[in-house]
Amino acid sequence: MPIIRFENVTKSYDRTAPVIDKLNFSIEQGEFLTLIGPSGCGKTTLLKMINGLLKPDIGSIYINNKEISEWNIVELRRNIGYVIQQVGLFPHLTIAENISYVLDIKKVARHIQRERGCELIKLVGLDEKYLDQYPTELSGGQKQRVGVARALAADPEIILMDEPFGAVDEITRKNLQDELFKISSALNKTIVFVTHDIEEAFKLGSRIALLNKGKIVQDGTKEEMIFFPKDKFVEEFFGCKNFAAFLTTTKIMELMKVPVQNELIAYIPGEIPVIGHDSSIMEGIRVMFDHGVDKICVLKGDRAVGEFYFSNINKYYIEGLDLLEGKYNL
C-alpha cells in the first residue's frame, strides 16, 4: 500500500496554467524519491500539498490511505519532517531546543528531549557540544545538519526536503549527501527530495521523477532515465550530463568482475592499481588513466574482492537492456 498517493490532482495559481496538472502518482513506504525538473515545473508545490500547506483545486491526496482533508492538519504536519534550503532554525533557541521543538509541543518529557537531541546530533555527524550553542555560532553546513536532525526528531514516517543543500559549498554538499544517504539506509524513512542537480538526484534517489509543466514525464531508476528516455524532453533535459552523473554516482562494486566461488584473485600489493569497493566508477576510471592500465583490483579493507575493466561498463549496459527488455517491449 503506497504511503502517499495523488489521484487526478490539479493545482493552479491565479487562474493561470496548472502548476500541477491531473497528476496520478504514488510513493511507497521506505522509498527515497528525488524530484527533478526545470524551474516552475511544480516540484515545491507538490511537496507543499503533501504537507497540507496547499490544497489541490481538483483531485485527492492520500497519506497512509487517508485523504488529507480527513486529517487533523496540525497533527499531520507535526508527523512529517520538512527540511528547506533556508533551514529556518529559531535564532533565540539553542540547537538542542531547535531539534526538540516538535517534541516540546507534544509535551515530551525534557530528559527524553535531551536524549533524543544527543542521539540525533551524532546521527547527522555533529558533536554533542553543539547542542548548547545557538544557530549564529554554526556554519551553513552545520545548520543544514541540524535541520535534518530536527526533521527526524519526532520519528516521522515521511520526510520532505526542498533543495536542502542548495546554498552550501560543493564539498559540504557532498558530505551532507553522504550523511543523508547513510541515514536513509539506516532508518528506512520515506523521503521526497527536490533538487535541480542531476548528480544529486542520481546519487540519492532509489527512484527519480522528472517533472515538466505539472506532469511527471518519466520516473524510474537512474539506469532507466539514462538508457530509456521516454521522449525528446527527457533526453534533452539530462543531455550529456546523464552518463557522467551515472559514472559518478554508481559504485564500482556494482560493475566489478567477481571471482567464481573458491577462486581467489591473485593480488600482489604494488603490482596493479587498487581501489575501494565503495568508490565510484568515475574514480576507478581516473585511477586507470593515471596508471595507464585497463584493469584495477577492487579491495574491501585489505582483501581483494573483484577486478574492474573498461569492458565492465559495456557489459553492465547490455545486461541492463536484457533486464528491462520486457518492461519497455523492446
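The values are calculated or read from the model by the stated rules, or taken from the named source; none is laboratory data. Keep in mind it's a predicted model, so treat the numbers as computed, not measured. Every residue, glycine among them, receives a Cβ derived from its backbone with ideal geometry; neighbour counts consider all protein chains shown. For the accessible areas, the whole protein counts, side chains as well, though only heavy atoms, and no ligand, DNA or RNA atoms are used. Shrake-Rupley method; radii C 1.70, N 1.55, O 1.52, S 1.80 Å.
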Could you tell me what percent of the accessible area of the chain is made up of carbon and sulfur, with a 1.4 Å probe and every protein chain present? 51 percent
Run through the DSSP bridge list for the chain and note the antiparallel percent, rounded to the nearest 5. 55 percent
Quick check: residue separation of VAL293 and PHE233 times 0.36 nm, minus the Cα distance between them. What number comes out in nm? 17.8 nm
What FRET efficiency do you get for LYS300 and GLU157 if R0 is 25 Å and r is their Cβ-Cβ distance, rounded to the nearest 0.05? 0.15
Dipole magnitude of the chain, debye to nearest 20 (Cβ charges: Lys/Arg +1, Asp/Glu -1, about Cα centre): 860 debye
Would you pull out the residues with amide H under 5 Å of PHE32's amide H, same chain only if 5 or more places away, H placed 1.01 Å from N? ILE191, SER206, ARG207
For the pair ASP132 and ILE105, the simple spin-label estimate (label points 7 Å beyond Cα toward Cβ) gives in nm 2.8 nm
Between ASP21 and ARG78, what is the label-point separation in nm under the 7 Å Cα-to-beta-carbon projection? 4.0 nm
Near GLN85, within a Cβ-to-Cβ distance under 15 Å, what is the net charge of the other residues, with Lys and Arg +1 and Asp and Glu -1? +1
So how far apart, in nm, are the two label points at GLU70 and ILE112 if each is 7 Å from Cα heading toward Cβ? 2.8 nm
Give me the net charge of SER100's neighbourhood, meaning all other residues with Cβ under 15 Å from the Cβ of SER100; Lys, Arg count +1, Asp, Glu -1. +1
Please compute, for the alpha-carbon atoms of region 2-141, the extent along each of the three principal axes and give them in descending order in Å. 49, 31, 28
Residues of the chain: accessible area per residue at 1.4 Å, in Å²? 51 Å²
Show me the trypsin sites (Lys or Arg not before Pro) within region 60-152 that DSSP assigns to loop and that have at most 12 other Cβ atoms within 10 Å of their Cβ. LYS107
Between ASP169 and HIS92, how high is the FRET efficiency from 1/(1 + (r/R0)^6) when r is the Cβ-Cβ distance and R₀ = 22 Å? Nearest 0.05. 0.20
Tell me, in nm to one decimal, what length is gained between GLU119 and SER311 on full extension, where the rule is 0.36 nm per residue of separation less the Cα-Cα distance? 64.6 nm
